[in-house]
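> After the structure tokens below, expect a handful of questions from me.
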Amino acid sequence: MSFETIVKVLVIEDEPGLRDSIRDYFTEGGNICETANDFESAIQKINLYRYDCILLDITLPNGSGLDILESLKANHHPDGVLIISAKNSLDDRLHGLDLGADDYLTKPFHLSELKARVMAIVRRKSFNGNREIIFNEITVDLLAKQVEVSHTPVKLTKKEYALLLYFIANKGKVISKNAIAEHLWGDEIDISDNFDFIYSHIKNLRKKLMDAGSGDYIQSTYGMGYKFSDH
Amino acid sequence: MKLIDRYNRISLLVTIAIIIVTGFVYYLTISYILTNRVDRDLVVEENEIFAYVKLNDKLPQVFKSDGLKIRFTASATDSITRTFGNTLFYNEEENEQEAGRMLTSSVKVEGKTYRIEITESKVETEYLIRFIFFITLGIILVLLTLLLIINRILVRRLWKPFYRILEGIKLFNVADKNGIHPVASNIDEFRDLNMEVTAMSGRVMNDYQSLKGFVENAAHELMTPLAVINSKLDTLMQVGEMTDKQGAIISEVYDTVGRLKKLNRSMLLLSRIENKLLAEPEIIDLLGFIEHKISEFHELLAERDIVVNQDLQPCQVTINRDLLTVMLNNLLGNAILHNIKNGNIGIRLNKNELLIANTGSGTALNEQKVLQRFYKSSESEGSGLGLTLVKEICDNYGYVFNYNFKDGLHAFEIKFQ
């Protein structure tokens, strides 16, 4: 199994519905997900504990998420920070990234996308120099961008590679077809009426992996989406 | 027609009419007065004759005198009515007929009735009248011309503030931050107009801004509930057992939320572009950018067996990177999604223009409507804002965006200059 299976995440978000969904999505599989719903409790938490990644809403009761970010950076805390905000004003985004946030995700988002982004931050932040993701017999070399199944190289296209990483980051979860399409092609293009090409992509990826000797991990679930899982 | 021309035309016509009428009255009056004077001369002459006859009981000797002739003729009848009349006066020196005035009267000398005809030339009078008439006419013409010129210059100067206010109204754009600038004038009417127009532009801009603010806030506020719905659907999907029917319903709800999200984002982006709340542009190599985009869409193209014909030459544009992305995603995305199987897309880029043409439905889109907000063809499932966004971005950078349909190709063209 991969070294990054267990991650500790703090969600700073005042909207209870969203906060709970994120927590539910992240806590499975031994991951730890703590929550804070306002400025003060968030400051308390980040002063006491360290997290692999902090999910930070900008607009909070009694304060701005950007101030929390500044406080983190002022104290040289190494936590990864992913800003989640309804505002997608470019200024806001640039400002957040200037202050040292690792990534920025605009509301509304797919939980699978959030998970993939968080995992990417955690990987970048990890100090053990391990640039590999391992899922059973599948090994992904992040530096060389190469995939091996039981030490047999598998030649994947760029999109197939991205798709595999996305699946592994969300292993055991059902990922909607929309989330996959948006992850691969961005969300500005209107492709909601045409998911055929996603199907053929997934079919290709599955075939390549299985041809190289991996298990059949990708399943279609009730027409809603796909799940990457070994059971 | 300009106000001043209209005014001049009317005032000129009225002036000319009045001058003609007064000219007549003037002529008649002077003529009457002068004729009266001549008549008085004639009466004086007559009285002199009567006085002479009474004293000497014989007709006076008739002398030739300038402009005056007296003639006696024996009359058969006694009854000669005394009358003044116009006649011709023969001037022997000049040897010509002149206008004259004649008094016909009678006198009795030694029981015999004589007709007296005293005639006086009116030529001097006529000269006088003509002289007065021409001088007057000349003065009136000079006066009129002067008045017209003065009016023109003066009125133009007087109306200057008005034209400046008008210019301000013409240039006024609600989306602009600066309204109509006040114009200094010491004429009450213009000052009032100016004040009202300035105040009105301020009100309009305020209303527009608050409306825009409302749209933007509404779109923003919708994002959080949408995020909640989206995340709950993601959570719902993780629930183990369900039927395919339930799965299909969740899928549909998910799609709809996705559409709502895109619509909202497009609205926010539109209002941001209109409010010019954009980050600085940068110089971008469009050739490389387009090649990258085409490779990004490679799978979508392959899926439908669409062939891309490229004719790309180096081109640099100064534009915000995110907006360029939005623009090309929309144009290329449309070219792919509204294409047919085994269709093709032609992309031509040079220093002056970018042209993207694709096969698709055989009929032209409505050129006027295609760029309108929320317009979409019947088969499109898009937000209807895609091309509007492209148009707005082009407008923002001074590019010209066009659609046309030729030889079965839908062509969208951006001219950079």
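> Tell me, rounded to the nearest percent, the portion of alpha carbon pairs in the range B:173-277 spaced more than 15 Å apart. List each step's numbers first, then the result.
Working: 3995 of 5460 pairs.
That tail contains 73 percent of the Cα-Cα pairs.
> Per residue of A:16-26, what is the mean number of Cβ atoms on other protein chains within 10 angstrom of that residue's Cβ? Numbers along the way, then the final one.
Details: counts 1, 8, 8, 2, 4, 10, 4, 0, 5, 4, 0.
Across A:16-26, the average partner-chain Cβ count within 10 Å equals 4.
> Two decimals is fine: what's Rg over Rh for the range A:132-228, C-alpha atoms, Kirkwood radius as Rh? Present the calculation step by step, with values, prior to reporting the outcome.
Working: Rg = 13.1 Å, Rh = 13.7 Å.
Answer for the range A:132-228: 0.96.
> Taking the Cβ of B:Q417 as the centre, find all other residues whose Cβ is under 11 Å away and add up their charges (Lys, Arg: +1; Asp, Glu: -1). Let's see the in-between values first.
Numbers: positive: B:K351, B:K415; negative: B:E353.
Taking every other residue near B:Q417 into account, the sum is +1.
> Taking only protein heavy atoms and a 1.4 Å probe, what accessible area per residue, in Å², does the range B:282-415 have with all protein chains in place? Spell out each step's value before the answer.
Values: 6170 Å² over 134 residues.
Heavy-atom SASA per residue in the range B:282-415 reads 46 Å².
> Place a +1 charge on the Cβ of each Lys and Arg in chain B and a -1 charge on the Cβ of each Asp and Glu, then give the dipole magnitude about the Cα centre in debye, rounded to the nearest 20. Write out the running numbers ahead of the final one.
On the way: 47 positive and 52 negative charges, 143 e Å.
It works out to roughly 680 debye.
> Report the normalised scattering of the range B:282-415 as log10 I(q)/I(0) at q = 0.10, 0.20 Å⁻¹, calculated by the Debye formula with identical scatterers on the alpha carbons.
Normalising to I(0) and taking log10 leaves -0.29, -1.30.
> I would also like to ask the following. So if I average 1/r over every pair of distinct C-alpha atoms in the range B:3-154 and take the inverse, what Kirkwood radius in Å does that give? Display every interim value, and only then the final one.
Values: mean 1/r = 0.0525 Å⁻¹.
Here the Kirkwood hydrodynamic radius works out to 19.0 Å.
> Cβ under 14 Å from B:D311's Cβ, B:D311 left aside: what net charge do those residues give with Lys, Arg +1 and Asp, Glu -1? Kindly include the intermediate steps, with their values, before the conclusion.
Details: positive: B:R348, B:K351; negative: B:E291, B:E353, B:E413.
Its environment carries a net charge of -1.
> Here's another thing I want to ask about it. Which whole-number value in Å² is the accessible area per residue of the range A:8-125, probe 1.4 Å?
On the way: 4370 Å² over 118 residues.
Per-residue value: 37 Å².
> In a shell of Cβ-Cβ distance under 12 Å around B:V109, excluding B:V109 itself, what net charge do Lys and Arg (+1) and Asp and Glu (-1) give? All intermediate terms of the calculation are to be shown ahead of the outcome.
Details: positive: B:K54, B:K58, B:K108, B:K112, B:R115; negative: B:D57, B:E110.
Summing Lys/Arg as +1 and Asp/Glu as -1 gives +3.
> Sticking with this one: What are the radius of gyration and Dmax of the range A:138-180, computed over its Cα atoms and given in Å?
Computed over the Cα atoms of the range A:138-180, radius of gyration and Dmax are 11.1, 33 Å.
> If you scale each eigenvalue of the Cα gyration tensor by 5 and take the root, what three semi-axes come out for chain B, rounded to whole angstrom and sorted largest first?
Numbers: eigenvalues 2200, 124, 79 Å².
In descending order, the three semi-axes are 105, 25, 20 Å.
> State the Cα centre-to-centre distance between the range A:26-79 and the range A:141-166 in whole Å.
Spelled out, the Cα-based centre of one part sits 33 Å from the other.
> If you build a Gaussian network model of chain A, linking Cα atoms that sit under 10 Å apart, which residue out of A:E137, A:E160, A:E113 swings the most?
Of the options given, A:E137 has the highest mean-square fluctuation.
> Under the rule that an exposed site lies in a DSSP loop and has at most 11 other Cβ atoms within 10 Å, name the longest stretch of chain B with no GluC sites (Glu not before Pro) of that kind, not counting the sites themselves. Walk me through the intermediate numbers first.
Working: sites that count: B:E92, B:E93, B:E94, B:E110, B:E241, B:E367, B:E379.
The answer is B:111-240.
> In angstroms, what radius of gyration and Dmax does the range A:8-125 have, counting Cα atoms only?
My reading of the Cα-based Rg and Dmax gives 12.7, 37 Å.
> As I understand it, the value is the acute angle between the Cα axis of helix B:160-171 and the longest principal axis of the Cα atoms of chain B; what does it come to in degrees, rounded to 10?
Compared with the principal axis, the helix lies near 20 degrees.
> Next question. Under a GNM of chain B (C-alpha, springs under 10 Å), which listed residue has the highest mean-square fluctuation: B:L354, B:L269, B:L59?
B:L59
> Antiparallel DSSP bridges in the protein assembly as shown: what percent, to the nearest 5? Spell out each step's value before the answer.
Working: 69 of 93 bridges.
So the antiparallel bridges in the protein assembly as shown amount to around 75 percent.
> Related question: Over the range A:132-228, what is the relative contact order in whole percent, taking alpha-carbon pairs under 8 Å and six or more residues apart?
Averaging sequence separation for qualifying contacts and normalising by length gives 30 percent for the range A:132-228.
> In whole Hz and in residue order, list the ³J(HN,Hα) couplings for the range B:40-45 that follow from phi through the Karplus curve 6.51 cos²θ - 1.76 cosθ + 1.60, θ = phi - 60°; x for Gly and Pro.
5, 4, 4, 5, 4, 4
> Which whole-number percent is the relative contact order of the range B:256-338 (Cα, under 8 Å, 6+ apart)? Mind dumping the intermediate values first?
On the way: 42 pairs, mean separation 32.7, N = 83.
Result for the range B:256-338 is 39 percent.
> What's the angle, to the nearest 10 degrees (0 to 90), between helix A:65-74's Cα axis and the longest principal axis of chain A?
90 degrees
> Quote the total accessible area buried by chains A and B together, excluding ligands, DNA and RNA, probe 1.4 Å, nearest 100 Å².
Values: alone 11630 and 27140 Å², together 34540 Å².
Separately minus together, A and B give about 4200 Å² buried.
> List the relative contact order of chain B as a percent without decimals, with contacts defined as Cα pairs under 8 Å and 6+ residues apart. Write down the numbers at each step before the final one.
Working: 477 pairs, mean separation 35.5, N = 417.
About 9 percent, as a whole number.
> Still on this model: Expressed as a whole percentage, what fraction of the accessible surface of the range B:3-154 belongs to carbon and sulfur atoms when a 1.4 Å probe is rolled over the protein heavy atoms? Display every interim value, and only then the final one.
Values: 6740 of 10730 Å².
That fraction is 63 percent.
> A further question follows. Limiting things to C-alpha atoms, what are the Rg and the maximum Cα-Cα separation (Dmax) for the protein assembly as shown, in angstroms?
50.4, 172
> To the nearest 10 degrees, how steep is helix B:286-296 against the longest Cα principal axis of chain B, on a 0 to 90 scale?
Approximately 40 degrees, to the nearest 10.
The values are calculated or read from the model by the stated rules, or taken from the named source; none is laboratory data. Because the structure is a prediction, the values reported are computed rather than measured. Note that each Cβ is placed from the backbone with ideal geometry, even for glycine, and that neighbours are counted across all protein chains shown. Accessible surface areas use protein heavy atoms only, side chains included; no ligands, DNA or RNA. Shrake-Rupley method; radii C 1.70, N 1.55, O 1.52, S 1.80 Å.
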